[in-house]
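Values in this text are rule-based calculations from the coordinates and carry no lab data. Since this is a predicted model, take the numbers as computed values, not measurements. Glycine gets a Cβ as well: all are built from the backbone with ideal geometry, and neighbour counts include every protein chain shown.
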Amino acid sequence: MSRAQYNPNVSSSSGYAETQEYLIELPHTKESCLAALDRINDLGPQTLERWSFGCSDGNHTGYALVDADSLSEALNVVPDSDRKTVKIRKLNKMTPEQIASYHRS
């Protein structure tokens with residue numbers, strides 16, 4: 001199930017576009033931690049704000065939840081040099097009815 005996000009440029013009568021939620025994981029090593037943080041920081045404060053990090057707990061991975069129209073749009077929060085190592089997953093919500101239908105099939 002996707003979520004609607006208001007976009008005045010959408011030609012639909014409601015002005016709402018369907019977006020998808022993506023989970024982005026950016027693993028890095030303890031040795032490359034500061035460089036990874038700098039690369040994300042270089043994309044600007046709005047991009048940095050989207051990221052959470054496990055580094056202070058020994059889990060050198062950055063996590064971002066991004067609502068986007070496409071995978072390529074979601075990748076805009078990932079530095080170019082990290083796009084080959086990033087893990088990205090499209091997420092979806094489940095309703096009780098969907099779960100029940102999975103049990104029936």
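Which order do the peptides 38-48, 86-96 take when ranked by the mean count of other beta-carbon atoms within 10 Å per residue, highest first?
Highest-to-lowest ranking by the protection proxy: 38-48, 86-96.
Could you calculate the FRET efficiency of residue 67 with residue 42 from 1/(1 + (r/R0)^6), where r is the beta carbon distance between them and R0 is 22 Å, rounded to 0.05?
0.45
Considering segment 21-104, what Rg and Dmax in Å follow from its alpha-carbon atoms?
When restricted to Cα atoms, segment 21-104 yields Rg and Dmax of 15.3, 49 Å.
Can you work out the Karplus-derived ³J(HN,Hα) for every residue in segment 75-89? Use 6.51 cos²θ - 1.76 cosθ + 1.60 with θ = phi - 60°, whole Hz, and x for glycine or proline.
5, 5, 8, 10, x, 3, 5, 9, 5, 7, 9, 6, 10, 9, 10
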